[in-house]
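The values are calculated or read from the model by the stated rules, or taken from the named source; none is laboratory data. Keep in mind it's a predicted model, so treat the numbers as computed, not measured. Neighbour counts are summed over all protein chains in view; Cβ atoms, including those assigned to glycine, are modelled from backbone coordinates with ideal geometry.
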Amino acid sequence: MPDSSNRHTTSSQLNLTERDKKVIWHPYTQMKNALPHIPIVRGEGVYVFDENGKRYIDAVSSWWVNIHGHSHPYIAQKVAEQLNVLEHVIFAGFTHEPAVLLAERLLPILPGKQDKVFYTDNGSTAVEVALKMCLQYWDNRGTAKTKILAFKNAYHGDTFGAMSVSGRSIFTDAFNSLLFDVEFIDLPDEGNISNLTAHILNLKDTACFIFEPLILGSGGMLMYEAKYLDQLLSACKEAEILIIADEVMTGFGRTGTYFACEKLTNKPDIICLSKGLTGGTMPLGVTTCTNEIFEAFLSDNKLKTLYHGHSFTANPIACVASLASLDILLKSETLQNIKRIEAKHAVFLEEIKTHPKVKAIRQTGTIIAVEWETGNETSYLSNLRNSLYAYFLEKGIILRPLGNIIYILPPYIISNEDLDYIYAAIKTALEEV
Ligand SMILES: *Cc1c(COP(=O)(O)O)cnc(C)c1O
């Protein structure tokens with residue numbers, strides 16, 4: 001057919017960005033006026049390289065997943081070995097070593113006592129499973145608890161259940177009328193903590209409380225203190241509200257400890273993990289729970305089964321990538337790197353906190369967020385966001401602002417020199433953008 005062969009010749013003459021534009025719809029992107037998508041051909045350590053050889057520091061760990069740097073040789077080797085042994089197998093009725101081993105290694109290092117692992121394939125589905133576990137837990141026990149408690153400005157993912165428990169925002173606007181009802185509370189602080197705990201103690205039919213511990217990521221890197229969260233959790237325990245810690249972003253060292261909930265006295269009933277799990281190599285999600293939750297599903301009545309599963313549940317390649325990533329995470333040098341980044345961020349924070357363009361600056365572990373002073377124009381859609389994004393890209397740094405908030409969330413192997421380069425770029429941006 002002359003038509004299609006003609007089209008083929010044309011595509012092969014286009015560069016990757018132009019070919020992309022013809023066939024791809026990108027996430028979180030208004031495609032009408034999107035900037036050309038940068039064609040990345042290679043990753044190494046903290047860097048990715050485009051078609052023309054330009055180098056970028058991946059200062060946001062590629063949407064928070066890449067904790068050990070790109071194309072890590074150790075993870076690559078383990079994945080390659082597994083590819084030749086078993087790439088995938090159905091996970092209902094069958095099991096495999098990487099899935100069992102990962103659960104055996106993960107459960108003991110999680111905060112509190114977590115007993116069972118349920119696998120999915122991303123953060124949103126890990127959250128969906130957590131919500132279903134809680135709602136069905138009460139249903140299986142014959143107690144009608146169907147309400148859910150969450151934070152305003154929370155972000156738990158983009159599927160419908162995960163969107164429902166996320167703060168209403170421009171991301172959810174087109175779907176708000178279809179999202180189920182959730183009770184949203186303010187982040188706790190000294191001023192409101194006693195009202196919040198009193199309120200929780202009065203709740204009767206609330207099934208669970210889902211939260212991002214210590215830091216609300218997509219909501220703008222909003223940080224709050226562990227001691228107030230702990231007080232909320234005490235109230236939840238007393239009111240028999242199940243506790244879901246969404247550690248999808250905070251897990252695996254991000255907040256300075258392996259898991260953010262380590263900083264709490266009260267431990268969660270359920271934990272969601274995904275982003276850093278495979279070291280950013282493969283998609284994988286995990287929802288863990290206590291035996292108490294698990295046992296509420298054990299029954300001769302088939303209706304008490306957790307009917308949930310994804311085609312790629314516990315994919316062996318992803319499990320092996322996670323095992324390799326854990327090996328690296330648990331090395332003392334990784335913890336030293338996390339502490340090093342934490343200390344450097346703290347110095348930078350002191351350096352710029354009084355700058356007139358800095359409306360706010362905050363840090364938790366390896367994450368530092370700088371909020372730009374904008375007068376009134378603070379929305380995600382503002383031009384400032386696009387100017388900042390372009391400014392750093394031009395300097396070879398991938399920083400993806402959330403509205404007027406710039407944050408650094410780097411792979412733990414980032415060097416002091418690269419951190420200093422990013423800090424310097426933020427300082428000049430404060431003068432120039
Ligand atoms: C990113 C994120 C999710 C969703 O994970 P996806 O893999 O993008 O679906 C859920 N919860 C938190 C806290 C997140 O940061």
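Values as computed for the structure displayed
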quantity: Test for Gly285: is it within 16 Å of the ligand (Cβ to nearest atom), more than 15 Å from Ala103 (Cα to Cα) and either under 19 Å from the mean Cα position of the chain (by Cα) or among the charged types (D, E, K, R) (or both); calculated: no
quantity: Residue in the range 162-170 that is in contact (Cβ under 8 Å) with a residue 40 or more places away in the chain, closer than 26 Å to Ala296 by Cα and of a type outside the set (Lys, Arg) present; calculated: yes
quantity: Those residues of the range 208-227 which are of a type in the set (Phe, Trp, Tyr), assigned to a strand (DSSP E or B) and over 15 Å from the mean Cα position of the chain (by Cα), in sequence order; calculated: Phe209
quantity: When residues of the range 261-282 are limited to those that are within 11 Å of the ligand (Cβ to nearest atom) and among the small types (Gly, Ala, Ser), the one surrounded by the fewest Cβ atoms within 10 Å (Cβ to Cβ); calculated: Gly276
quantity: Residue check for Gly251: small (Gly, Ala, Ser), assigned to a loop (DSSP other than H, G, I, E, B), over 26 Å from Arg400 (Cβ atoms) and modelled with pLDDT of 95 or more; calculated: no
quantity: Looking only at the range 107-157, and only at residues there that are over 16 Å from Leu242 (Cβ atoms) and in contact with a helix residue (DSSP H, G or I) (Cβ under 7 Å, 6 or more places away or on another chain), the one that is farthest from the ligand (Cβ to nearest atom); calculated: Val117
quantity: Selected residue (only one of Thr120, Thr125, Thr159 is hydroxyl-bearing (Ser, Thr, Tyr) and surrounded by fewer than 22 Cβ atoms within 10 Å (Cβ to Cβ)); calculated: Thr159
quantity: Test result for Ile243, touching a strand residue (DSSP E or B) at 6+ places or on another chain (Cβ under 7 Å), within 13 Å of the ligand (Cβ to nearest atom), at pLDDT 95 or above and under 15 Å from Ala150 (Cα atoms); calculated: no
quantity: Which numbered condition Met163 misses (of (1) outside any helix (DSSP H, G or I); (2) closer than 17 Å to Leu216 by Cα); calculated: (1)
quantity: Evaluation of Tyr258 against (1) closer than 22 Å to Ile67 by Cβ; (2) within 15 Å of the ligand (Cβ to nearest atom) (one fails), failing number; calculated: (2)
